[in-house]
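Accompanying notes for the structure given below.
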Amino acid sequence: MKAPQFAYRAPRSIKEAVTALAESEGMGKILAGGQSLVPTMNFRLARPDMLIDINRISELDFARPENGKLRIGALTRHAAFERPFFEGPLARLLADVVQHIAHVPIRTRGTFTGSLAHADPASEWCLVACTLDAEMVAHSLEGERIIPAAEYFVTTLTTALTENELLVEARLPLLDDSWKHGFCEFNRRAGDFALSMSLVALKIENGRIAEARIGIGGVEDKPVRAPDAEAYLIGKTGEAADRVEAARLASEGIQPMDDMHAPADYRRDLTRAMVRRALERALAR
Amino acid sequence: MNYIGRSVKRLEDLPLITGRGRFAADISFPNQVYMRVVRSPFAHGKLGPIDLSEALAQEGVVAIWTGKDVVDIPHIGFRLTKLADLEPYRQTILAQDRVRYVGEPIAVVFAESQAQAEDAAEVVFAEIDDLPVVIRAIDPVGEFLPGRTTEASVVRKAYGDIDDAFRRAAHVIELELYVGRHSGIPMETRGAIARFDESRQVLEMHGAAKVPHWNRATISKLLGLPLEGMHLYEGHVGGGFGIRGEVYPEDVLTCLAALRLKRPVKWIEDRKEHLLAANHSRDQHHRIRAAIDENGFILGIDDDFFTDQGGYVRTHAATVTDLACAMLPGPYVIPAYRAAGHIRLTNKTPAGTYRAPGRYETTFVRERLLDAVGHKVGIDPIEVRRRNLIPLDKIPFARGLDTLGTEVTYDSGDYFGLMDQALQRVGYEDMKKAAAERRAKGELVGIGVGYFVEKSGLGPMDEVDISVDEDGHVRVITGVASIGQGVETSMAQICAERLGASIDKITVIHGQTDLIGHGMGAFASRVTVMTGSAIYIGAGQLRERALQAAASLLQVPEAELEIDEGVISRKGQVPGPSVTLGDVVRALRPGSTLLNGNDPGLKTVAQFTADHMTYPYGFHIGQVRIDPETCGIEIEKYLVAYDIGKSINPMLVEGQLVGGACQGIGGALYEQFVYDEQGQPLATSFMDYVMPTITEMPWVDTLVREDAPSPLNPLGVKGAGEGGTNAVGATLAGAIDEALQMPGAITSLPVGPATIYNLLKKKRAA
């Protein structure tokens, strides 16, 4: 359980970090919380030539609402979201979701953008980014690039980030008070990667759903949206029959993975339950 | 002072909870080298040339060995239940011509650092030509060696006229049942640190556990050392569960390297290795038939079963299969019985014992059968058990079977009594009614039960060496091991009460072969029965000698004296003239006129011998709720009722039962070593080998009874180690059946959400 040899850099600025990345010629890896990377290296499944430790880059250590967005810097740990630190539905949503991420020691070390860069299909933060159409801010020697969520997630453990890019920030839309959210996941044990999960955000105007966002994670090779179900809900009140139908549409629209923990047909039916329960929770708020 | 029967807090905990434990990985010696094992990536193949050139060129590499370097070291032999049939299936310390499971050691690297050893191990390349794999014990037998099949032996046990039972049967019930492959996963992985002490000419192995004396004898013999040329040392041990502390290839390799390299050698297993290399267990497939009469009384059982032994037969030899054959009948009369246990080699990690070996499996099988019998004749699960339990007036009950070299005779027990008390404790009738009402409202709720007889206190003997020093400190040297179960505390309690010493002045030593010549170790729930009884005897001898000497010192007749907390005085006269145990030892110095021909001091070596095991018994009852959408299973209630004969420390007994139940839940709902069709293991980390944690554990209630003390030992005790685990699979299977309203649905463990999903789908289709 010792990692293969690697070079170690601890840059003090984003510029130094992206310079090191460029020098590593594609063989460098960013170390933030290390909660996925380090075990993978110890299993010798990941073998970066160079680790670029960004923990000393103070300009990445921020999380604040600004101009209608929540800006989350690359050193923001999961645990930062456990208690809402700003007003509004988004803070409540993040505080709700974060409880499902692994265990307390992992949450105190792992980072929000680290999860996005790692892109595990069952990552809760990836689901949040997908559902809320986050923007990912990447830096390289060429400068800054903003990648919308719809283009960011490619497949399991693969994103649109190039090998020379450092994910410096994620931006989530601040939701106004007309938004309600619901989250539901199922796993065999608390803290495990979910076999299926759903995050729902609904904008309610005059007792009817004006905008619906339904995200599904842990089911395909990346988090996905349920466009048919989202469209179906517009103008509905969200009563029981609406929720059942939306959940059905969502579960019909997915191509679930099949593995030793959950066969595909089970995952599909489970997803229907997760979406329906997430909707129930959103509408009960 | 009375110590026996009190929940004394664990004496051994202070270093453990203050971070000062000394586990295997905490032990290092100057100038040590680190060992890393290169393991087979294939499940079955002919082992060709191994290219070491790149690895040998790596920085820090001291030596690399392959099979041909250790060809002079014999196979690792059997500790228990030796069968000559099994000998060709023993494992060598490194693979010679074939590899037979993924994880089998094929080479070993020694280097100056752990990282260098791992770097070099990674570039050892072996040519392996694939051979066909056998993945399940019920698959057609394959070839182990030319001329030898993968069916190593068949263990057969029987009594009564089984053919007659089936002739007379009103109904015959046939079930096919399977318990999945899982095992004990101690928090501390294995480890061994060996060094040769030139000054004493002794090879030391640190990191020992469970059975240090047997391992000392075995390893010294394998290495050609005289017995006196080797000693084993046990430090803190982070869990045993049957799998830790047996002699494995890595222990022998570490010791051999210390001799050959003339440097200390350290090997610490990593978690991935542990899941591939340490003994797996369970993995038993039963085809059971029962002849029953029209009232649900079982006339006879005929069971044909298959133990998946994995790639080799290790130290436990036929133990699991033998115990399964002998313990299957459980607490029921069953007038006729026949069992055949096929020991089948497969291309998976070798298997051995794990907490309640052979019983977790057969309790699942037997109790599934009892549930099926009840369903067949239309009676409640409790009633069908009542109709088959052995009545009180038949105890002691000779089972008509033997195991581990002893006849199975249930020494004491009130099987009806314990079940009634358990049912009363949970309020069974109300519980049943409430579950039915919830089911009527659409919930999937069900109750299951499991009854079993356990075994404990395997002989033939244990020895203790007890001595008191001039300050009144008592040292109790035992031949057992402490794998975390509270040996120091419970043994000190027995000694303190029997001798009359203060428990604070007692030190209990275990796992040090240089301090005591004999020791059987810690397994089979034997420590309290065997070593506890030896301490009871030895401490009684010292008490008598102390009183004799004190009678002379105080000029008071012996019969009028008592000892309490190390102080001897006239009964009922405190304060008054008194002497301490330390005073007595000083008065009994060599040359003392008080000796009267006896040895000086207060010391004794005492033994306890036993020809028969003692049989505790228990009853589990559990209630589950299934979420019909997620197919998740929630255990809402769980009770372990257990008759232990006599409880030395109720808190420790309760801890054993609850911890055991947790492992039972693991095997029933979560844990499984899954393999693909090529024999590749799919559960090689805690991501995929799913163990229950505190968040999945229900509240486990315990009911510990002392209604049936054992007549076989002076304390009346029976073992506590395995009763919490034994019936969990059986109990939860019954509860899930009832929750789904599908009698007999659960035929295989573990039961995960996917199983429930498929059953519910089947039910909807029907």
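Nothing in this text is a laboratory measurement; each read-out follows from the coordinates by a stated rule. Fair warning: this is a prediction, and the values are worked out from it, not measured in the lab. Glycine also receives a Cβ, built like all others from the backbone with ideal geometry; neighbour counts cover every protein chain displayed.
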*Share of antiparallel DSSP beta bridges in region B:458-609, in percent to the nearest 5?*
85 percent
*Net charge near residue A:154, counting Lys/Arg +1 and Asp/Glu -1 over other residues with Cβ under 11 Å of its Cβ?*
-1
_Could you derive backbone 3J(HN,Hα) for region B:27-41 from the dihedral phi with the Karplus parameters 6.51, -1.76 and 1.60 (θ = phi - 60°), listing whole Hz in sequence and x where the residue is Gly or Pro?_
9, 9, 10, x, 6, 6, 10, 9, 9, 10, 8, 8, 10, 5, x
*asked:* Just to be sure I understand the curve: with the Debye formula and one point per C-alpha of region B:1-45, what is log10 I(q)/I(0) at q = 0.24 Å⁻¹?
replied: -0.96
*What number comes out for the charge environment of residue B:761, summing +1 per Lys or Arg and -1 per Asp or Glu over other residues with Cβ under 13 Å away?*
+1
*When DSSP beta bridges are limited to those with both residues in the protein assembly as shown, what percentage is antiparallel, rounded to the nearest 5?*
80 percent
*Considering the options B:741, A:186, B:566, tell which one lies farthest towards the positive end of the dipole of the protein assembly as shown, charges being +1 on Lys and Arg and -1 on Asp and Glu at the Cβ, about the Cα centre.*
B:566
*For the protein assembly as shown, what is the convex hull volume of its Cα atoms per residue in Å³?*
202 Å³
*Under 14 Å from the Cβ of residue A:123, count the other residues' Cβ atoms, weight Lys and Arg +1, Asp and Glu -1, and hand me the total.*
-4
_Cβ neighbours within 10 Å, averaged per peptide: list B:417-423, B:69-75 in order, most packed at the top._
B:417-423, B:69-75
*Rounded to the nearest Å, what's the spacing between the alpha carbon centres of region B:328-365 and region B:193-251? Just the number, please.*
30 Å
*Exposure proxy ranking, count of Cβ atoms within 10 Å, fewest first, for B:168, B:498*: B:168, B:498
_For residues of B:626-635, the mean tally of beta carbons on other chains within 10 Å_ = 4
*If you count the DSSP beta bridges with both ends in chain B, what percent of them are antiparallel, to the nearest 5?*
80 percent
*In µm²/s, what is D for chain B at 20 °C and 1.002 mPa s, where D = kT/(6 pi eta Rh) by Stokes-Einstein and Rh is the Kirkwood radius from Cα pairs?*
78 µm²/s
*Over chain A, what number does the Rg to Rh ratio reach, with both radii from the alpha-carbon atoms and Rh per Kirkwood?*
0.98
*Determine, for B:125, B:144, the number of other Cβ atoms within 10 Å of each Cβ, and report the residues in order from fewest to most.*
B:125, B:144
*Please work out, to two decimal places, the log10 of the ratio I(q)/I(0) at q = 0.16, 0.17, 0.23 Å⁻¹ from a Debye calculation in which every Cα of region B:686-766 carries one identical scatterer.*
-0.83, -0.89, -1.20
*Dipole of chain A, positive direction: furthest Cα of A:226, A:31, A:21, with charges on the beta-carbon*: A:31
*Tell me which residues come under 5 Å, amide H to amide H, from residue B:480 once H is placed; ignore anything under 5 positions away on its chain.*
B:511, B:521
*Taking the Cα centre of region B:121-230 as origin, sum charge times position over the Cβ atoms of Lys and Arg (+1) and Asp and Glu (-1), and report the length of that vector in debye to the nearest 20.*
540 debye
_Nothing charged except the Cβ atoms of Lys and Arg (+1) and of Asp and Glu (-1): what's the magnitude of the dipole of region B:458-609 about its Cα centre? Round to the nearest 20 debye._
140 debye
*Using just the alpha carbons, could you tell me how many Å³ per residue the convex hull of region A:35-145 encloses?*
131 Å³
*With viscosity set to 0.890 mPa s and temperature to 25 °C, compute the Stokes-Einstein D of region A:179-284, Rh being the Kirkwood radius across alpha carbon pairs; µm²/s, no decimals.*
183 µm²/s
*For region B:557-663, convex hull volume per residue from C-alpha positions, Å³*: 230 Å³
_For region B:675-766, with +1 on Lys and Arg beta carbons and -1 on Asp and Glu, the positive-most of B:698, B:717, B:731 along the dipole_ = B:731
_Hz values of 3J(HN,Hα) by residue in region B:663-677 - Karplus curve (6.51, -1.76, 1.60), Gly and Pro given as x_ = 5, x, 5, x, x, 7, 10, 10, 7, 7, 7, 8, 10, 8, 5
*With charges only on Cβ, +1 for K and R and -1 for D and E, what is the dipole size of region B:607-766 about its Cα centre, in debye, rounded to 20?*
300 debye
_Within a 10 angstrom radius of the beta carbon, how do B:40, B:533, B:552 rank from fewest other beta carbons to most?_
B:552, B:40, B:533
_Amide H of residue A:154 versus every other amide H placed in the peptide plane: which residues, excluding those fewer than 5 positions away on the same chain, fall under 5 Å?_
A:159, A:160
_Residue-wise HN-Hα coupling along region A:176-182, computed from phi with Karplus coefficients 6.51, -1.76, 1.60 (Hz; x: Gly, Pro)_ = 7, 5, 7, 8, 10, 10, x
